[in-house]
DNA sequence: GGTATGGTTTGATCTGTATCAATGCGTGTC
DNA sequence: GACACGCATTGATACAGATCAAACCATACC
């Protein structure tokens, strides 16, 4: 089911910001995780020509909902949130993007969500028009984009189940296992230590809860010795509890 | 934003079951709405060879979650629900498919949801393997599938906002306007009469509510003269109320 | 007609999560 | 050290929607 999880692992922790690519796709550490894994070595050079490295500071907005799509991005370091905002200020995060994640799958003219940097972020930027030409010339690249889009769709359906039918405790459990799985794909091995660069409010807006309920639930889990809260996230003590929690 | 809404309208109400195609794509009434609209007239013939008409009775299951994908479908008449079920029986509907909707966008090996007929259904069935060859030969057909998939993704994000952040009243309002918009696309004109072939439980499982809350909310709206409940659905009396409701 | 059946509506009550309101705590700055 | 600032936590209370239970209503069938 999770066809994207077959890419080879990285040695380093890609969550922190370090030199990843420097305009040379051959040295790119997250390539095996990214959309570029659909390409042959001789194609990297052509892709390199149409891409540039960019950097965003914490809290910076990469794109705003309803903006024209002028560039697409592969996150190479750091974490961003994908945000939908209602007129009265209510927020729903539709996802977090971690290193290796591609933003702009849809090839549509305008963005349907805002993208905001949670940490300092580096990304590989592609011009929309040039990437569109690239897509036209390489059907297997379009096929890869399509696979990624339908994978996203399946994850979106998972998240609908979470939002519509899970309790606060189940939501938090599913969230922690999801983030753990995604870090594991980047780092190459599963760890009980789960960095959570996003704040409690972001978690709440992702899970359809309030910040108070998120805080209370995590602290209850700590009191029950299922995890410990550490400065940059949590450490799971009882993974069985979390796996059993997910129905 | 809604690129799929550009197809030409149908004169008749496609919700009811009538002769639609009869193995002749040239006569297909829902073609302009469907994935087939990406094809030229001379390509219909080749598509016709790989498709067959099938019929399902009310409550019949077209496919089961986790089943291998052997066939893909375009609904030609009737309505189906897309269902995810948790181990303890909790259900979340991820969507309804109406005439013109294509099921199997993902091209993956297994289904990630069950598909169940709400009414008698006719569909145009394609073998997965033959359609995959077709996709390989016609890049513009793959492009069309990709557009449809990313459109679905955008709708899925809309639904996340609904599930995570709207009140029961807002959920019902958004649901009725969504269904109205979708019938309008099929019928060719907007009507205040909204057929609701799905039961209250299905609406509840789609909106992340209970059947009692759905019933109460709709009846409240009736008491407030925003709509009237009719045998096959509802009729909106005050569309302004519904449009104002959606934040 | 009677009566079983499946879905819908309505009422009474409960509860999980939101809301409102402090308090705590770590970090950076002067 | 003292103070401010931005989160996170904790407590008290309110309420939207869930749950439990019963009645209602249309349809189909004998």
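No value in this document is a laboratory result; all are computed from the given coordinates. It should be emphasised that the depicted structure is a prediction, and the values quoted were computed from it without experimental measurement. For neighbour counting, all protein chains shown are included, and Cβ atoms are generated from backbone atoms with ideal geometry for every residue, glycine included.
Values as computed for the structure displayed
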item	result
Label spacing, shortest first and in nm, from residue A:40 to its equivalents in the remaining copies (7 angstrom along Cα→Cβ)	2.9
Shape parameters for the protein assembly as shown, alpha-carbon atoms, Rg then Dmax in Å	23.2, 68
Theoretical FRET efficiency, 1/(1+(r/R0)^6), r = Cβ-Cβ of residue B:210 and residue A:158, R0 22 Å, to 0.05	0.50
Projected label distance in nm at residue B:228 and residue B:169, using a 7 Å step from Cα toward the beta-carbon	2.3 nm
Relative contact order [Cα under 8 Å, 6+ residues apart], chain A, whole percent	20 percent
Partner chain coverage, peptide B:131-142 - average Cβ within 10 angstrom	2
Helical mean residue ellipticity (222 nm; -39500 (n - 2.57) per DSSP H run of 4+; nearest 500) of chain B	-12000 deg cm²/dmol
Rough spin-label spacing in nm, given labels placed 7 Å along Cα→Cβ, for residue B:87 and residue B:201	2.3 nm
Proxy reagent accessibility, fewest Cβ within 10 Å first, across B:142, B:27	B:27, B:142
Tail weight of P(r) past 31 Å, computed on alpha-carbon pairs of chain B, percent	23 percent
Rounded D (µm²/s) - segment B:127-182, Kirkwood Rh over Cα pairs, Stokes-Einstein at 4 °C, 1.567 mPa s	95 µm²/s
Partner chain coverage, peptide A:143-151 - average Cβ within 10 angstrom	6
Nitroxide proxy distance, nm - points 7 Å out along Cα→Cβ at residue B:57 and residue B:244	4.8 nm
Pairs of alpha carbons in segment A:136-247 whose separation is greater than 20 Å (percent)	47 percent
Residue-averaged beta-carbon neighbours from other chains (10 angstrom radius) around A:205-211	2
Label spacing, shortest first and in nm, from residue A:188 to its equivalents in the remaining copies (7 angstrom along Cα→Cβ)	6.2
C-alpha center-to-center spacing [segment A:71-133, segment B:142-197] in angstrom	23 Å
Cβ-vector label at 7 Å, residue A:235, separations to other copies in nm	6.7
Added length on full extension, which subtracts the Cα-Cα distance from 0.36 nm per residue, residue A:27 to residue A:66	10.6 nm
Two-site FRET efficiency, residue A:125 against residue A:192, from Cβ-Cβ distance with R₀ of 25 Å, rounded to 0.05	0.10
